[in-house]
Amino acid sequence: MSFKRLSVSELKQRLVDAPVAMVDIRDDAAFGAGHIEGSVPLNNSNAAEFVEQADKAATLVVVCYHGHSSQDAAAFLATQGFSDVYSLDGGYTAWAAGS
């Protein structure tokens, strides 16, 4: 399994069309300062629990600062059995800028 990449505009359309699970891998301070509505923080302390409890068939979008670290996290989640995983191109920075 592998992941796919998703633009901000594609994510906005998906959010209109159907529910999408989103995880934000930025640090707690950055997440607290702003995040995409509905996203949940994912870090080393809760990753195992998330992998165990999440619906692996659901669409899952991984968000980071600029869209680089999310690719590694998305690849990891794909190896854990998630079948529809995306990395958000440009990360939260692009989302916040409205791109």
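The values are calculated or read from the model by the stated rules, or taken from the named source; none is laboratory data. Keep in mind it's a predicted model, so treat the numbers as computed, not measured. All Cβ positions, glycine included, derive from the backbone under ideal geometry; neighbour counts span all protein chains shown.
Screening ALA94 against (1) modelled with pLDDT of 95 or more; (2) of a type in the set (Gly, Ala, Ser); (3) assigned to a loop (DSSP other than H, G, I, E, B) leaves a single unmet condition, (3). In summary, VAL8 fulfils each of the numbered conditions (1) surrounded by 15 or more Cβ atoms within 10 Å (Cβ to Cβ); (2) over 19 Å from GLN71 (Cβ atoms); (3) among the β-branched types (Val, Ile, Thr) with the single exception of condition (2).
Among the residues of segment 28-37 satisfying the criterion of being within 13 Å of the chain's Cα centre (by Cα) and surrounded by 11 or more Cβ atoms within 10 Å (Cβ to Cβ), which is nearest to THR59 (Cα to Cα)? Top of the filtered list is ILE36. Looking across segment 17-27, just one residue is loosely packed, with under 14 Cβ neighbours inside 10 Å and modelled with pLDDT of 95 or more, and that is ASP27.
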